[in-house]
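Undergrad: Please read through the structure below; I'll follow up with questions.
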Amino acid sequence: MTTRHTAPIPEPAADAPPQLERQLSNRHIQLIAIGGAIGTGLFMGSGKTISAAGPSVIFVYMIIGFMLFFVMRAMGELLLSNLHYKSFSDFAADLLGPWAGFFTGWTYWFCWVITGIADVIAIAAYSEVLLPGIDLWIPGVVTIGILLVLNLTTVRAFGETEFWFSLIKIIAIVALIVVGLYMIFSRFESETGTASFTNLWTHGGMFPNEFMGFVAGFQIAVFAFVGIELVGTTAAEAKDPEKNLPKAINSIPIRILLFYVGALVILMSVIPWTQFAAGQSPFIAMFSMAGLGAAATIINLVVLTSAMSSANSGIYSTSRMVYGLAQEGDAPARFGKLSKRKVPNNALFLSCVLLLSSIVLLYVGDDISKAFEMVTTVAAVCFVFVWSIILASYLAFRRRRPELHDSSKFKMPGGIPMVYVVFAFFAFVLWALTTQPDTLIALLVTPIWFIALAIVWYLVGKTPSHLARYRKFKEDLATEAAAEAATARRLESETETGR
């Protein structure tokens, strides 16, 4: 196998427009990846997942995590094949065509707007628990304002914020596991019975609701994993991406085993799965049962932090995606401008304005959990589309650029056959969403987004100006790749001469 030298990306000329800067260090990338893998779905949605699937929910999370690991490996190989890709919408446009970049970029943007709306709804719900009687719009507006200010400074400020948000989530889950293990080994007694690992199989077995209960677990659990691909949107702002991106992606399975499977095993061992219900956080229930009232309040704050972390990631990723779309002519040019701090301010304002729509949803209907459920299902379907485009891009990459695959140091395990296995799994997930009335409605509503995108693409996709911008995008990638190859040859020649 030939060794691929990666040329440093040249600094822009003094009179060139500002570019995104590589300010995210290894610890930022690692914690952003962890934060993406531990979302609001674990803290808020796991109550419903457990009540639907019982202890088999452990296998649900393991299967989803296993499948998405291959999506992340495919994404990693593609991003590292050309360090001038800013995100996965870039390699989709390059490998599948301009329509793919347009649909992927805007759908991913829509995914995170919807997810951000769900997060603001969650923040409002838990603020009401901590501060009874508070007007629901207040925590929503305050949250959006805080995150906007943080993201308007520098990308490093975003990285620092997400680092600490993610660290808080990790500490909370580790604390739950430690306290839970103590309760199990000390045979803790409560009104629900004795804490023991036997609770996993003595209340109807591992599959108490049979196959359809197991299927129901996938409907909610998929949303818990949205954001796992967030590390891909940091590619243009990551220091030493060839080292840091593989490290972040390869640690995903360990995180899933510890933070998802480990936490759920402990929860259902301390409290029988039959005691959990939708709309309740199992984390808060366990600490309350342990008699740690203060800890339960702290976990409430952790859940709020988790939702803020997810919303923070959403504001960051949507602004970068719109910036990239504007650079390629798929969004208005004003969103492609950077501030003096190298931040896409206009794109940030757009995302935050749209998040304010969550305030309206808080006052439509009586049940906050229903609003959360509806928007999370729509987001999950859209994320499945984005993950599928990443895999389709990988297939095109293998077909069109086999030499880059051969020289890659970060090949996707399983290769092409594994792509089709994951596609089959995604088909299963979409079928699972049809088995319950609430998720079926959201599934039927989602195509409206793709119809709207298709209409816009029909109007703008074939215009001369758009075609010209796409040609320039391809030329820039080719020029940059040629410059990188020339530098790699020079470095290799210098190495040979040095010997």
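Undergrad: For residue 191 and residue 298, compute 0.36 nm times the residue count separating them, minus their Cα-Cα distance, and round to one decimal in nm.
TA: 36.2 nm
Undergrad: Which Cα, out of 444, 463, 428, lies furthest along the positive dipole direction of segment 420-480 (beta carbon charges, K/R +1, D/E -1)?
TA: 463
Undergrad: If you count only protein heavy atoms with a 1.4 Å probe, what accessible area per residue comes out for segment 300-354, rounded to a whole Å²?
TA: 32 Å²
Undergrad: Once the piece of chain linking residue 452 and residue 201 is laid out straight, how much longer is it, given 0.36 nm per residue of separation minus the C-alpha distance between them?
TA: 85.6 nm
Undergrad: Averaged per residue, what accessible area in Å² does segment 127-239 show with a 1.4 Å probe, protein chains only?
TA: Heavy-atom accessible area per residue stands at 43 Å².
Undergrad: What part of the accessible area of segment 146-193, given as a whole %, is carbon or sulfur when the probe is 1.4 angstrom?
TA: 76 percent
Undergrad: With r defined as the distance between the Cβ atoms of residue 130 and residue 416 and R0 fixed at 51 Å, what FRET efficiency is calculated, to the nearest 0.05?
TA: 0.50
Undergrad: I've got another one for you. Between residue 407 and residue 441, how high is the FRET efficiency from 1/(1 + (r/R0)^6) when r is the Cβ-Cβ distance and R₀ = 45 Å? Nearest 0.05.
TA: Here the calculated transfer efficiency is 0.40.
Undergrad: How large is the accessible surface of residue 206 in square angstrom, using a 1.4 angstrom probe and rounding to the nearest 10?
TA: Number for this one is 50 Å².
Undergrad: Measuring with a 1.4 Å probe in the full set of protein chains, what accessible area per residue, in whole Å², belongs to segment 355-475?
TA: 51 Å²
Undergrad: In the structure displayed, which of 86/243; 86/411; 169/411; 247/340; 86/474; 169/340 lie more than 22 Å apart, Cα to Cα?
TA: In this structure, 169/411; 247/340; 169/340 exceed 22 Å between Cα atoms.
Undergrad: What's the magnitude of the charge dipole for segment 95-224 around its Cα centre, counting Lys and Arg as +1 and Asp and Glu as -1 at the beta-carbon? Answer in Debye, nearest 20.
TA: Around 300 debye, computed over segment 95-224.
Undergrad: Still on this structure: Just subtract the alpha-carbon distance of residue 257 and residue 178 from 0.36 nm times their residue separation and send over the number in nm, one decimal.
TA: Taking residue 257 through residue 178 to full extension adds about 26.9 nm, to one decimal.
The values are calculated or read from the model by the stated rules, or taken from the named source; none is laboratory data. All values reported here derive from a predicted model rather than from experimental measurement. So basically every Cβ, Gly included, is an ideal-geometry build from the backbone, and we count neighbours across all protein chains shown. The area values use the complete protein model at the heavy-atom level, side chains included, leaving out ligands, DNA and RNA. Shrake-Rupley method; radii C 1.70, N 1.55, O 1.52, S 1.80 Å.
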